[in-house]
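To start, the structure itself, in structure tokens.
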Amino acid sequence: MAAADMGRSRIVIAGGGLAGLSLSLALKRALADGVDVIMCDPALSRDPHGDRRSYAIAAAARRMFQALGVWDAVSEKAQPILDMVITDSSLQDPIRPTYLTFEGAVDGEAFAHMVTAGDLTALLLEACREAGVTLKPEGVKGFTSHAAHTDVELTGGETLSATLLVAADGARSRLREQAGIGWIYWPYNQSGIVATISHERDHEGRAVEHFLPAGPFAILPLKDETRPDGSVQHRSSIVWSERSENVPVLLESHPEDLLAELEKRFGLQLGRIAFETKPQAFPLAFGVARSFVGERLVLLGDAAHLIHPIAGQGLNLGLHDVAALAEIITDAMRLGQDPGGADVLMQYERARRADITAMGIVTDGLNRLFSNDLLPVRLIRDLGLGLVDRMPGLKRFFIREAAGLRREDVPRLLKGEAL
Ligand SMILES: Cc1cc2nc3c(=O)[nH]c(=O)nc-3n(C[C@H](O)[C@H](O)[C@H](O)COP(=O)(O)OP(=O)(O)OC[C@H]3O[C@@H](n4cnc5c(N)ncnc54)[C@H](O)[C@@H]3O)c2cc1C
């Protein structure tokens, strides 16, 4: 069926991770009955709260969630980052000198909030349902593009005719591969071990990043949890980068030995610590698609780019894609244009290429600079950190960058404006 015959546009989104869900909601909020949004992901049949990973959501992305009407509910579960401390040392060093500190506020709001993926996913899913997004707990098996529409084949056997297919199916995107879009990729030989840690003392909203030779070790504050007996549990999330060859041995070691290894990195400043969730490891790599668009196809989030978590920006980059794509599609449809047309999709390619390339280069460079123990390199980087610490203007620049608030020409949703 041709797009024009369908009466109104249908956009199929393959992948209900945080990027896909946010785009579904943004499109439905902006275009309401003017568009059919169909979200397909086999994971939709699972309980979203099962995902206990946590993310730092930058201020710009927070503004988008505010504009989409979900932030009030998210904020009840989110912990603002109030300040940040950066150290650089070897694992055996008896003390970890602080080289750089940042205040967490920018323009009167926290530069980032920590929230668990499960909580955010559940709230977005609920909002998508209320807004009228069709949720299908099935995968997309393949697609065939035609001049005016694309046929999207689902794993259950159904074929959907769509104006545009959005591949939000993660870094190992099957749709990107099927479209023949190249993927520039290199592994880091590092894995990120993530877990939630409970601790005796209050973190006071402080995030800590220890640069260690095997990679960065981040302690990120989570909202206190009130237990059924009324007691309050202080919690933080860790992202522990480790050489990949050491990870299986670490994760299979006796729980007390693993906790002892954790204590060496976490330190004692928050009192006694324990694992709240089972540690999970994610191999770290760099990847960027040679094109973010194909014929009636667009790549979103990790399907388009994969970066090192050293700056906690991977999902934020994907949410920037969401804001840009939602705006381009909405503006095009309001002008009566075909949202899957090549000229509309090229606007997205142009809008995102420079930002994604820059973030990829910066995170790759930071990881190379900090994940080693060469004395001359360490001396130079510590000198650099110390200098930045004494330059308030430069510190403001970095924190605005991390908050996603440095540039004026960002999509409207990232400024908190409705589409
Ligand atoms: C250790 C670590 C820490 C991180 N910390 C942060 C942080 O603090 N802040 C931050 O911004 N980012 C962080 N990131 C990055 C972040 O995890 C990712 O960028 C983000 O989860 C990507 O979201 P996504 O929706 O694009 O893809 P995904 O979350 O990978 O979702 C893809 C979805 O597609 C579905 N799918 C797959 N194939 C198909 C198919 N054929 N059909 C339909 N559906 C399909 C999957 O089931 C999945 O639900 C971190 C990453 C790591 C590894």
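Residues in the range 281-325 that are among the acidic types (D, E) and open to solvent by less than 10 Å² (accessible area, probe 1.4 Å): D321 only.
Each residue in the range 152-163 was checked for being within 15 Å of the ligand (Cβ to nearest atom) and buried (at least 17 other Cβ atoms within 10 Å of the Cβ), and 4 of them qualify. Where strands (runs of 3 or more DSSP E) fall entirely within the range 209-312, those with at least 3 residues that are more than 17 Å from the chain's Cα centre (by Cα) and within 15 Å of the ligand (Cβ to nearest atom) are at 215-226, 232-243. The single condition among (1) away from the ligand (no atom under 12 Å from the Cβ); (2) under 19 Å from K77 (Cβ atoms); (3) open to solvent by 10 Å² or more (accessible area, probe 1.4 Å); (4) at pLDDT 95 or above that E200 does not satisfy is (2). Taking the listed residues A332, A354, the one that is crowded, with 18+ Cβ neighbours inside 10 Å and either part of a helix (DSSP H, G or I) or basic (K, R) (or both) is A332, with no other qualifying.
For the range 101-118, a residue qualifies if it is open to solvent by 50 Å² or more (accessible area, probe 1.4 Å), touching a residue at least 60 places away in the same chain (Cβ under 8 Å) and part of a strand (DSSP E or B), and the qualifying residues are T101, E103. Just one of (1) within 16 Å of M39 (Cβ to Cβ); (2) in a loop (DSSP other than H, G, I, E, B); (3) touching a Pro at 6+ places or on another chain (Cβ under 9 Å) fails for T121. It is (2). Scanning the range 166-195 for residues that are more than 8 Å from the ligand (Cβ to nearest atom), charged (D, E, K, R) and either assigned to a strand (DSSP E or B) or in contact (Cβ under 8 Å) with a residue 40 or more places away in the chain (or both) yields a count of 1. Taken residue by residue, the range 123-137 has no member that is in contact with a helix residue (DSSP H, G or I) (Cβ under 6 Å, 6 or more places away or on another chain), over 30 Å from T163 (Cα atoms), more than 14 Å from the ligand (Cβ to nearest atom) and touching a residue at least 24 places away in the same chain (Cβ under 8 Å).
Of all residues in the range 264-280, those that are open to solvent by 40 Å² or more (accessible area, probe 1.4 Å) and under 30 Å from D302 (Cα atoms) total 4.
Residues in the range 138-151 that are of a type in the set (G, A, S), part of a strand (DSSP E or B) and within 15 Å of the ligand (Cβ to nearest atom): G142 only.
The values are calculated or read from the model by the stated rules, or taken from the named source; none is laboratory data. Please read these numbers as outputs of a predicted model, since none were measured by experiment. Glycine gets a Cβ as well: all are built from the backbone with ideal geometry, and neighbour counts include every protein chain shown. These accessible areas exclude ligands, DNA and RNA; they are computed on the full protein's heavy atoms, side chains included. Shrake-Rupley method; radii C 1.70, N 1.55, O 1.52, S 1.80 Å.
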